[in-house]
Amino acid sequence: MPKLTLATVVYLLIATALWAGNAIAGRLLVGSVSPITLSAIRWGLAALLLLPLGWRVFKPDSALWQNKKRFILLGLFGVGSYNVLLYLALQTSTAINVTLIGASMPIWMLFIGAVWYQVKPTLLQLLGAIVSLIGVAIVLTRGELSALLSMEMVVGDLLIMLATILWAFYSWMLSRPGASTERQWPWADFLMAQVLVGLLWTSFFDGFEIAMGLAHLELNAWTGSLILFVAVGPSLIAYRCWGLGVNGAGPTIAAFFANFIPLFTALLSAAMLGEPPQLFHGVAFALIALGIWVSSTKGRSSGA
């Protein structure tokens, strides 16, 4: 049975903190690089940096070739489609809409686990998902929940919804089926296989952006450093930590930690502006943590 150990908590918090940094870097890069081109460059650099450690996937006898279908889906759901859909969603949707819809991930994780993997959610997990979602709503509205009434749905909201569902499938696939086989892989090989396949998918999507004349890149020291950051931190380190966290806690419990992303993003943004944390940040943190605690108590199902 998966357990929420201290090490697992640290892995998941590192991943979510780095993805919060990715959100800030992505906002700073708006106008300097087109969204799909950014994703393609990000994963191209990540593949190059990982190559000295994960080169064995290119060998003819690599397990990659015996698991082609699995890695095609892992690369599509977790690396290719999710990031492209996220960057595209931010072009038309607001940050509040995108993050709130993304905060529905625990609910999708519970649903997918029940339908596709026969892992029945418990009442405590459903309650934890609701409590955690309220915490996200508080941080996004800065404590003024009435602001939710002014939200308007746009195309970008549908894109981030699709991205969230695909990420839920990706997380379940990381742990089952075949989790015991994956744990026998050198971690760099396993991640390299996902990055390579995801890069192929992203490059395919980028071809359409280029063909439509929408691709652009303004490269200088500032944009280059931001792109390097997203290639190392939110890509290699965060994906490695997320994989360890999912295998340790299970995909359902790990999904609740994703709700720390908007909180960390808000705190980092405030720090960059020289603003101290506010009371609503503490309330949001407490509710998100409470949701995780409630969902991970004894009432959880064996596969959660």
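None of the figures in this text is laboratory data; all of them are computed from the coordinates on show. Computed from a predicted model, the values in this text were never measured in an experiment. Don't worry about glycine lacking a Cβ; one is built from the backbone with ideal geometry, like all the others, and counts go over all protein chains shown.
Shown for Thr297, Thr265: other C-beta atoms within 10 Å of each C-beta, ranked fewest to most, produce the order Thr297, Thr265. Put simply, the Cα atoms of the stretch 6-57 extend 40, 30, 12 Å along their principal axes, the longest span coming first. Taking the dipole about the Cα centre of the stretch 6-295, with the C-beta of Lys and Arg at +1 and of Asp and Glu at -1, give me whichever of Leu76, Ala231, Pro186 is farthest to the positive side. After comparing all options, I get Pro186. Hey, quick one: spin label on His216, modelled 7 Å out along Cα-Cβ, who in the stretch 39-67 has an amide N within reach, i.e. under 18 Å? Label zone hits: 39-41. Running Debye on the stretch 1-104 with equal point scatterers at the Cα sites and no solvent, what base-10 log of I(q)/I(0) appears at q = 0.16, 0.20, 0.21 Å⁻¹? Calculated log10 I(q)/I(0) at the listed q: -0.98, -1.24, -1.27.
Remark: the stretch 1-139 carries a charge dipole of roughly 340 debye about the Cα centre, counting +1 on each Lys and Arg Cβ and -1 on each Asp and Glu Cβ. Between Leu13 and Leu127, the modelled labels are 2.5 nm apart [label points 7 Å from Cα along Cα→Cβ].
When the convex hull of its Cα atoms is viewed from all sides, the stretch 6-295 shows a mean projected area of 15.6 nm². Only Lys, Arg, Asp and Glu carry charge here, each on its Cβ (+1 for the first two, -1 for the last two); on that basis the stretch 6-295 has a dipole of about 760 debye about its Cα centre.
Using Cα centres only, tell me the gap between the stretch 66-82 and the stretch 1-39 in whole Å. Taking the Cα centre of each part, the stretch 66-82 and the stretch 1-39 sit 19 Å apart.
Here the Karplus curve 6.51 cos²θ - 1.76 cosθ + 1.60, taken at θ = phi - 60°, turns the phi angles of the stretch 115-126 into couplings of 7, 9, 10, 6, 9, 6, x, 9, 4, 5, 5, 5 Hz, with x standing for Gly and Pro.
The 3J(HN,Hα) values that the Karplus relation (6.51, -1.76, 1.60; θ = phi - 60°) gives for the stretch 253-270 are, in residue order, 5, 4, 4, 5, 5, 4, 6, 6, 4, x, 5, 4, 4, 5, 5, 5, 4, 5 Hz. Gly and Pro appear as x.
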